[in-house]
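Each reported figure results from applying straightforward, stated rules to the coordinates on display, with no laboratory input. Here the structure is a predicted model, which means the values were calculated and not measured. Neighbour counts run over all protein chains shown; Cβ positions are idealised from the backbone, glycine included.
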Amino acid sequence: MQQHLNFYIDGAWTPALGTRTQDVVDPFTEQPVARIALGDARDLDRAVAAARRAFPAWAAHSREQRLAVLHAVIAAYERRMDEIAMAISLEMGAPITLARQAHAVAGLSHLRQTAEVLVGYAFDEVVNRTRVAREPIGVCGLITPWNWPMNQIACKVAPALAAGCTVVLKPSETAPLSALLFAQVLHEAGVPRGVFNLVNGDGPGVGAAMAAHADIDMVSFTGSTRAGVAVAKAAADTVKRVAQELGGKSPCIVVDGVDLPATIRQAALQCFRNSGQSCNAPTRLLVPGHLHDAATAIAVDVAQSLRMGDPRDAATTLGPVANAVQYTKVRECIANGLHEGARLATGGLARPAGLDQGYFVLPTVFANVRNTMAIAREEIFGPVLCILPYGTEEEAIAIANDTVYGLSAYVSAPDLAHARRIARRLRAGMVHLNGARADHAAPFGGYRQSGNGREWGRMGFEEYLEAKSMFGYEEEVTTP
């Protein structure tokens, strides 16, 4: 079993000050595969102090110097891609093909996209006689989740470093192995000491202390809405910037006249991808009432076509959910759906045939779901699709917007103009039109209880900058 009892602080691997540890459990075997140290406030203090010492010099680096470091990180990351994918598969159960083609690739994509932003970003602009400069905010505490570990690490660390900030990363304690590899990547790339630091720990031990720390200027958190509220409250006394990417219950509106088999198949696959553990997954499928049964049959076929099994087998298309806590939660949500009277079209609480171990949840389709049901309102974060019939397009838009969340939405219409009109009326930070994929150059984030701030691309980069107005900086132009 791997032993990871050190933290990366001030450019070196340093033993934890406390004695608490936690096992990292393979969700396929349900057996420990690694042990990590769990840090506390003392470990965090050391990391923050290192980041604070490193900040002035790193912030003073030129654009070209930071670009050179970022390109070195990209090169080192590329050399470790397969190793990173294997770690992700082991720590959170992603099928190895998905880990290679999506999880590990997402990290590389964010690194490259950040470099593109840095190349052309205008840090200074002139407004009348005022020079407006954008400067790094300072020391950033980054708290990342277990569901897309490398995606979330890279889309925070890359822009923070590119902007001139120094960081302390607290990855998920249940899926920390890929984060440890990422720290090795940055070390190999020659990131200056103290610029990047990593402390493993849980929410009470490190996360809460990070949010409240007086020497941390910004916290960027990705996770549940409940945990995000706790982070914001802990950060309030120090009036630091808080960026949050939280939960979602994304609607997918299907308009009459589309290619129904292709549309429903794509929506169902997106819902079940990564075992349903994506905050932006289209988990509420809204279809015209007269197409409800046909859409349900197509979704059932998709669910039953997925192959569950060993995540390290290239033939596996659906792995277990990531941990025991999530397994219990998803099963409770399915039981609630049955109790509320939704029609179980496929899936449910039984174990998959031939799989007596692992946190496996059958891909589940509920039909005839009402938007008042808990399964339609609460983020399940598992392979569970709810199909809701609607009468008119106005009703579909009202149902889509009837949620405390507002992260993502999906629209499939017979023509793009029609999809555009619906998209304008949806209260969500992102809308996918007619099957369009996400764009790492565009902002990622949501409305309402899905969080605040944005990640990815230029807007994600700007989260790590402060604006300084220097009045009278420019000479007054007079005309004769």
Quiz item: What is the sum of charges around ALA163, taking Lys and Arg as +1, Asp and Glu as -1, for the other residues whose C-beta is under 10 Å from the C-beta of ALA163?
Solution: -2
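Expressed as cubic angstrom per residue, what is the convex hull volume of the alpha carbon set of segment 254-296?
Cα convex hull per residue, to the nearest whole number: 63 Å³.
Among all stretches of the chain without exposed GluC sites (Glu not before Pro) (DSSP loop, at most 14 other Cβ atoms within 10 Å), which one is longest? The partial results should precede the final answer.
Values: sites that count: GLU30, GLU474, GLU475, GLU476.
Of all site-free stretches, the longest is 31-473.
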Self-check item: Rounded to whole Hz, the Karplus (6.51, -1.76, 1.60) HN-Hα couplings of segment 2-13, x for glycine and proline
Solution: 5, 10, 10, 9, 10, 10, 8, 9, 6, x, 8, 7
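Given the Cα-Cα distance of TRP13 and ALA442 and 0.36 nm per residue of separation, how much length would full extension add, in nm? Spell out each step's value before the answer.
Details: separation 429, 0.36 × 429 = 154.44 nm, distance 3.54 nm.
Stretched fully, the TRP13-ALA442 segment lengthens by 150.9 nm.
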Quiz item: Could you give the length gained on full extension between HIS71 and GLU394, defined as 0.36 nm per residue of separation minus the Cα-Cα distance, in nm?
Solution: 111.4 nm
Quiz prompt | Furthest towards positive pole of dipole, GLY453, ALA281, THR238, structure part the chain, Cβ charges | solution = THR238
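How would you rank THR372, THR403, going from fewest to most other Cβ atoms within 10 Å of each one's own Cβ? Working shown, then result.
Numbers: THR372 9, THR403 25.
Exposure proxy ranking, most exposed first: THR372, THR403.
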Quiz item: Does anyone have the angle between helix 177-188 and the longest principal axis of the chain? Alpha-carbon axes, 0 to 90°, nearest 10?
Solution: 30
Practice problem: With a point put 7 Å past each Cα toward its Cβ, work out how far VAL132 is from ALA374 in nm, to one decimal. | Solution: 4.8
Quiz prompt | Using a Förster distance of 56 Å, the FRET efficiency for GLU476-ALA353 (Cβ separation, nearest 0.05) | solution = 0.10
Practice problem: Return, ordered by residue number, the residues of segment 191-223 whose backbone nitrogen is under 11 Å from a label point located 7 Å along Cα→Cβ of GLU466. | Solution: 217-218
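Please say if the chain is rounded, prolate or oblate, where rounded means a/c under 1.5 for a ≥ b ≥ c the square roots of the C-alpha gyration tensor eigenvalues, and otherwise the choice is prolate for a/b larger than b/c and oblate otherwise?
On the way: a/c = 2.03, a/b = 1.32, b/c = 1.54.
In terms of gyration-tensor shape, oblate.
Given Cβ point charges of +1 (Lys, Arg) and -1 (Asp, Glu) and nothing else, what value in debye, to the nearest 20, does the dipole of the chain about its Cα centre take?
Numbers: 44 positive and 47 negative charges, 47 e Å.
The dipole of the chain has a size of about 220 debye.
Just need the relative contact order of segment 111-254 here, percent rounded to a whole number, with Cα pairs under 8 Å and 6+ apart. Write down the numbers at each step before the final one.
Details: 212 pairs, mean separation 32.5, N = 144.
That works out to 23 percent.
From the helices alone, meaning DSSP H stretches of at least four residues, give me the mean residue ellipticity at 222 nm for the chain, per-run term -39500 (n - 2.57), in deg cm²/dmol to the nearest 500. All intermediate terms of the calculation are to be shown ahead of the outcome.
On the way: 15 runs with 182 residues, N = 480.
Estimated from H runs of four or more residues: -12000 deg cm²/dmol.
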Quiz item: Which of rounded, prolate, oblate describes segment 100-151, given a ≥ b ≥ c as roots of the alpha-carbon gyration tensor eigenvalues and a/c under 1.5 marking rounded, otherwise prolate only if a/b is larger than b/c?
Solution: oblate
Quiz item: What FRET efficiency comes out for the pair HIS187/THR328, r = Cβ-Cβ distance, R0 = 60 Å, nearest 0.05?
Solution: 0.95
Quiz item: Between ARG79 and LEU344, what length in nm is gained on full extension when 0.36 nm per residue of separation is reduced by their alpha carbon distance?
Solution: 90.8 nm
